Amino acid sequence: MIWCVEDDKSIRDIELYTLKQTGFEAEGFENGEEFFRAFEKEAPDLILLDIMLPGVDGVSILRQIRSGSHSPKVPVIMVTAKGQEYDKVQCLDLGADDYLVKPFGMMEMVSRIKAVLRRMPSDTLHHTLKLKGLELNVDEHTVVIDGRRVILTYKEFQLLRLFLSNPGRAFTREQLFADVWNENYAVESRTVDVHIQTLRNKIGPYGKYIETVRNVGYRLGRADYEEEDL
């Protein structure tokens, strides 16, 4: 999961879109207050952090991350303004793992993120997501069920990855469509339902864990799911 802390909505949206299109999960935050509310509950795999933010700036946020006890080792890439040499030096001294200078290309952003993640100890990253005998490998883009390889389409893989990353969380069809298809949920209202049904069929006995939540959407049920719960 990559978190983008950027107050400019247009920039934030294109960062999130690019990351999702290149296989990452991503979430955006407009300011430090939103970021810290989420950070108190969980830590991402990497933070893309703009320096120029309203309220608490990016340097102060980085300082709090590195001085705190909550996941202080999470990698951080700072986004600085062109020509701000002091900002870059200060951020690196505070423990930033890399920096990007605006304006930058989206492919450069993805390349820098991948490079930083490769340098991190493997046990700090969630490469494999599991549900009993079902294993999804994020890096290899593979799914194995009870030792047998299962071929999923890109959308099916992204749906399964989203559910495995958020067990118990109920997603509306609108949320699934936005996260997986990167589009507004306006037409083809059966698209999500059809893909869910196909995914359930392909993952066999584990299909029952993808529960239908009446009048809401879908969620990944408990690992101790019993047949009579249907």
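Just to verify a result, which residue in the stretch 7-38, among those that are in contact with a Phe, Trp or Tyr (Cβ under 8 Å, 6 or more places away or on another chain) and not in a helix (DSSP H, G or I), is most open to solvent (accessible area, probe 1.4 Å)?
Per the criteria, the residue is GLU27.
Note down all Cβ pairs under 8 Å where the first residue falls in the stretch 162-179 and is more than 21 Å from ALA43 (Cα to Cα), the second is open to solvent by 40 Å² or more (accessible area, probe 1.4 Å) and at pLDDT below 85, and they're at least six residues apart or on different chains.
Pairs that qualify, where the first residue is more than 21 Å from ALA43 (Cα to Cα) and the partner is open to solvent by 40 Å² or more (accessible area, probe 1.4 Å) and at pLDDT below 85, are ARG173/TYR185; ARG173/SER189; GLU174/TYR185; PHE177/GLU183; PHE177/ASN184; PHE177/TYR185; ALA178/ASN184; ALA178/TYR185.
So which residues in the stretch 213-230 are at pLDDT 80 or above and touching a helix residue (DSSP H, G or I) at 6+ places or on another chain (Cβ under 8 Å)?
Hits for the stretch 213-230 are GLY217, TYR218, ARG219, LEU220, GLY221.
The values are calculated or read from the model by the stated rules, or taken from the named source; none is laboratory data. Computed from a predicted structure; not experimentally measured. Note that each Cβ is placed from the backbone with ideal geometry, even for glycine, and that neighbours are counted across all protein chains shown. What goes into the accessible areas is simple: the full protein's heavy atoms, side chains included, and nothing from ligands, DNA or RNA. Shrake-Rupley method; radii C 1.70, N 1.55, O 1.52, S 1.80 Å.
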